[in-house]
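Following: one structure in structure tokens, then a few remarks.
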Amino acid sequence: MKTREEAVRLSNLYNDSFGAAPAKRETYLRQLLKKIGKNAYFEPRFRCEFGSNISIGDNSYAHFDYIILDGAKSPSGIRE
């Protein structure tokens, strides 16, 4: 439960920082997700279940209201 609560807290901070400097917004994603590449950007409202099972590559973009349910790690054979 604590991990999920922390994911909500960090995703709220990220969403609420819309319009702030990209470097500031990126710090929230780096705390929330397992790995992010350069120039990752999600429009608000981004939500995830835990965050620790999510890896995002370079130049990733997600449109509005992006939700990732990451209750499990990727199965073997799937690239992160």
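The values are calculated or read from the model by the stated rules, or taken from the named source; none is laboratory data. Just so you know, these numbers come straight off a predicted model, no measurement behind them. Reconstructed Cβ throughout: ideal geometry from the backbone, glycine too, with neighbour counts over all protein chains shown. Remember, those area values only see protein heavy atoms, side chains included, never the ligands or the DNA or RNA. Shrake-Rupley method; radii C 1.70, N 1.55, O 1.52, S 1.80 Å.
Of note:
- Scope segment 38-74; condition closer than 15 Å to N15 by Cβ, among the acidic types (D, E) and open to solvent by 70 Å² or more (accessible area, probe 1.4 Å); matching residues: D65
Yes/no matrix, rows are residues, columns are (1) among the small types (G, A, S); (2) in a loop (DSSP other than H, G, I, E, B); (3) touching a Phe, Trp or Tyr at 6+ places or on another chain (Cβ under 9 Å); (4) farther than 17 Å from T3 by Cα:
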| position | (1), (2), (3), (4) |
| --- | --- |
| A20 | yes, yes, no, yes |
| A23 | yes, no, no, yes |
| N39 | no, yes, yes, yes |
| R45 | no, yes, yes, yes |
| F50 | no, yes, no, no |
| N59 | no, yes, yes, yes |
| D65 | no, yes, yes, yes |
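- Segment 25-37, residues that are open to solvent by less than 20 Å² (accessible area, probe 1.4 Å) and either in a loop (DSSP other than H, G, I, E, B) or closer than 16 Å to R4 by Cβ (or both): L32, L33, G37
- Any hit, segment 59-68, residues being among the hydroxyl-bearing types (S, T, Y), out of contact with any helix residue (DSSP H, G or I) (no Cβ under 6 Å at 6 or more places or on another chain) and touching a residue at least 24 places away in the same chain (Cβ under 8 Å): yes
- Residues in segment 1-24 that are open to solvent by less than 100 Å² (accessible area, probe 1.4 Å) and either closer than 18 Å to I68 by Cα or among the hydroxyl-bearing types (S, T, Y) (or both): T3, E6, A7, V8, L10, S11, N12, L13, Y14, N15, S17.
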